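Here's the structure we're looking at; comments come further down.
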Amino acid sequence: MRRVLTVVLGTFLLSGATLFTIAGPLSAQKELTRSEADQLRAENEELRKQVQNLGRELQETRLGLERAKNMYAVARNVMELMIEEAAREAEREGRLKAAEEAIKWLEGTIESEREKAKRAACAKNLKQLITAIRTWSPDYDGKYPESLSELYPNYTTLYVFSCPSASGPKVASKGDIDSKTTYIYRTGLTEASPSDTVVIYENPSNHGGEGGHIAFADGHVKWFSAEELKKIVDKDGEREGVF
C-alpha cells in the first residue's frame, strides 16, 4: 500500500512540474512550438489518466481488502458455529449412547431379576410337590404315587406343575398334569428310598439351558448347573435302575 501511494505522489508531482513547464515557458518565453505544446498536453493528460487509474485501483484494492476481511469474519463465525454444533452433537450422541447403554443394562438387570424370581418360584413348586409326595406316601403303605396327577386336588394345587420359566402351555386341569407338566417325576420309589435319591427334576431347557432344580427323597430342593444336573440324574438312575 505504501509503495502504491509513493508512486501516485511521484506521478502527481511529475504532472505538476510538467504543467509548470507548459504554463511557464509557453507563456513567458514563447520558445515551444504548437506541436510541442500539444505533445506536452497529451503527455500530461496521459499522466492524469494514469493517476486516476491508480486511484481507482487503490479504491478497488481497498474495497477488495474490506470484502476479504468481511468474508473472513463471516467464514470464521460460520466455522465457530459449526464447531459448537459439532460439539453439541457429539455431546448429544454421547448422552444418547450412555442412555442406550443404561437402558440395555437396566433391561438385562430386570430380566436377570425376573429370572431369579422365576427360579425361586420354580423351587417352591418342586418343594410343594415333594412335600405332597411325602405326605401322600403314608396313606399308601409308604409308596410314592405312580403319577403326579394323583396328588391333585387333595395334596396340592394345579399351578405347582408348571415351571414359571418354561415356555409352552401350562397345566390347566387334572387331565393336563401328566402330559403338560414341565417336571420329570421318577416312579417306583418309596419312602424307604435313600435320602439323596432324585425324585423330581427338570429339564435345563426350562431355564434357557443354564440348569435346573432337583427334589430329593429327604424333601430338600436344590439348583444345579445343566452339567451337574445331568451327572446327578444319570448316576442316580444307574444306582436305582430306573433310567
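Taken together, the values in this text are just the output of simple stated rules run on the coordinates, not laboratory data. Predicted, not measured: the structure shown is a model, and the values here were computed from it. Here the Cβ positions follow ideal geometry from the backbone for every residue, glycine too, while neighbour counts run over all protein chains shown.
Packing here is the average count of other Cβ atoms within 10 Å per residue, and on that basis the peptides 38-44, 124-130, highest first, run 124-130, 38-44. Positive end of the dipole of region 41-194, charges at C-beta (+1 Lys, Arg; -1 Asp, Glu), about the Cα centre: which of T190, A87, V171 has its Cα farthest in that direction? Going by the charge dipole, the pick is T190. Near Q50: Cβ cut-off under 12 Å, other residues only, Lys/Arg at +1 and Asp/Glu at -1. The net charge is -1.
Evaluated with a Cβ-only charge set (Lys, Arg +1; Asp, Glu -1), region 120-240 carries a dipole of roughly 340 debye about its Cα centre, given to the nearest 20.
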